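Structure, as structure tokens:
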Amino acid sequence: MDRFPEPSALLFTDLALDRKAEHRDDRPWLDALEQAPTSRFLVLDPEARILSLADGRAPRLLTPTERRRHLGDIPASLLGVDGEDRGYFLLRANAEQVRTSAGVLSAQTIGLRHAGARFSRFDAGLFAYASALAQWQARTRHCPCCGAPLSWISSGHRARCTQCDTLQFPRSDPAIIVIVEHEGACLLGRQPGWPQGLYSTLAGFVEPGEGLEDAVRREVDEETGVTVTHCRYLASQPWPFPASLMLGFSAQALARDIHLRDGELEHAAWFTPGDIVHGVERGSLQLPSRLSVSRYLLAHWMGRQAGIDLETITDT
Ligand SMILES: [Zn+2]
């Protein structure tokens, strides 16, 4: 039964944008694209919120003329070019500049979680990409080798130390997320402080010196005491809050005994597809956001396990 979504359906992935990495050091090419009338500029504030239309349903992209008028002194980082040769750039503005621009342009600012649910797929993906780059730039000011200031090169995609020439690259922090199954049930957990009834698949950052499957086995063992085998990669999703890359897996448990070993979870339990359907229908179970890879893993499992389309029983 193939009633589960394709990985390409995951929000923020499969962005239809040519990043044009080969032109990031080509100043004449960049200048021409920055001035092309069709080019557009995404404006992000220091909290990585984006300037958006007043109704919050799309980003308020600046034309080259608007950029010159309102934010002309901010260097632009190339994001890429879409299928119609329209260029997209990131502008990182300070809070005052964003406030002023929002006033003049009758715009507002919106965070990525909200935008993910309201923007078009392309706009949400573009914002996620810009957000990841902007947050890396904001956090990367000094050389980790010698402490000297860095200077931006490659249209904001690299930073070079002004003293020792060491290069810094935008980082993504790999994190595994896994749906653990055992004889027709899956293992979900909740952390203290989560909304009532919310359960999710297990997740954690990959540690130095680990393969992804090692991280899956360790995280599941640390959080629940469950031993897993047969780790299979399913899908990934950038999660720029601020720099995670979620790597989704399935794994098979050897037994169902649960021991919350590291205290990260306040409860974990096994759920059959029927438990999930009834829990959601009764309102006692809340599933992770539609934006998340966790939701994708659950939908994938429900489709494969029971032929149930998760989206037909939920409205969140
Ligand atoms: Zn240095």
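For the range 116-172: of the residues being in a helix (DSSP H, G or I) and among the aromatic types (F, W, Y), which is farthest from the ligand (Cβ to nearest atom)?
The first filter runs over the range 116-172 and keeps only residues in a helix (DSSP H, G or I), leaving 116-118, 121-139, 154-156.
Those left that are additionally among the aromatic types (F, W, Y): 122, 127, 129, 136.
Values: F122: 38, F127: 32, Y129: 27, W136: 17 Å.
Looking at the filtered set, the residue picked out is F122.
Would you please name the residue that is surrounded by the fewest Cβ atoms within 10 Å (Cβ to Cβ), looking only at residues in the range 150-192 that are among the charged types (D, E, K, R) and within 20 Å of W136 (Cα to Cα)? Give the steps one after another, and end with the answer.
Here is the first cut: in the range 150-192, the residues among the charged types (D, E, K, R) are 158, 160, 165, 171, 173, 181, 183, 190.
Imposing the further condition that a residue be within 20 Å of W136 (Cα to Cα) reduces the set to 158, 160, 165, 171, 173.
Details: R158: 16, R160: 16, D165: 10, R171: 14, D173: 12.
Out of the qualifying residues, it is D165.
From the list A251, A243, A215, pick out the single residue that is farther than 20 Å from E183 by Cα and crowded, with 20+ Cβ neighbours inside 10 Å.
Numbers: A251 fails: farther than 20 Å from E183 by Cα; A243 fails: crowded, with 20+ Cβ neighbours inside 10 Å.
Just a single option satisfies the conditions, and that option is A215.
Could you list all residues from the range 91-101 that are under 12 Å from R49 (Cα atoms) and touching a residue at least 40 places away in the same chain (Cβ under 8 Å)?
As a first pass, look at the range 91-101 and keep what is under 12 Å from R49 (Cα atoms): 91-95, 98-99.
Result: L91, R92, A93, N94, A95, V98.
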Among (1) within 18 Å of the chain's Cα centre (by Cα); (2) acidic (D, E); (3) not in a loop (DSSP other than H, G, I, E, B), which single condition is E66 missing? (1)
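Residues that are more than 24 Å from Q196 (Cα to Cα) and out of contact with any helix residue (DSSP H, G or I) (no Cβ under 6 Å at 6 or more places or on another chain): list the helices (runs of 4 or more DSSP H) wholly contained in the range 210-316 that include at least 2 such residues. Steps first, please.
Numbers: elements: 212-224, 273-282, 293-306.
By residue number, 212-224, 293-306.
Has the range 17-30 got at least one residue that is of a type outside the set (D, E, K, R), without any contact (Cβ under 8 Å) to a residue 12 or more places away in the chain and over 30 Å from V293 (Cβ atoms)?
Filtering the range 17-30 for residues of a type outside the set (D, E, K, R) gives 17, 21, 23, 28-30.
Next, only the ones that are without any contact (Cβ under 8 Å) to a residue 12 or more places away in the chain stay: 28-29.
Cutting the leftovers down to over 30 Å from V293 (Cβ atoms) gives us 28-29.
Looking for residues that are of a type outside the set (D, E, K, R), without any contact (Cβ under 8 Å) to a residue 12 or more places away in the chain and over 30 Å from V293 (Cβ atoms), one finds at least one in the range 17-30, hence yes.
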Which residue out of E47, E84, E66 is farther than 26 Å from H23 by Cα, surrounded by fewer than 21 Cβ atoms within 10 Å (Cβ to Cβ) and of a type outside the set (K, R)? E47
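Every read-out reported here was derived from the displayed coordinates using simple, explicitly stated rules and does not represent laboratory data. Quick caveat: nothing in here was measured; it's all calculated off a predicted structure. Cβ: placed from backbone, ideal geometry, glycine included. Neighbour counts: every protein chain shown.
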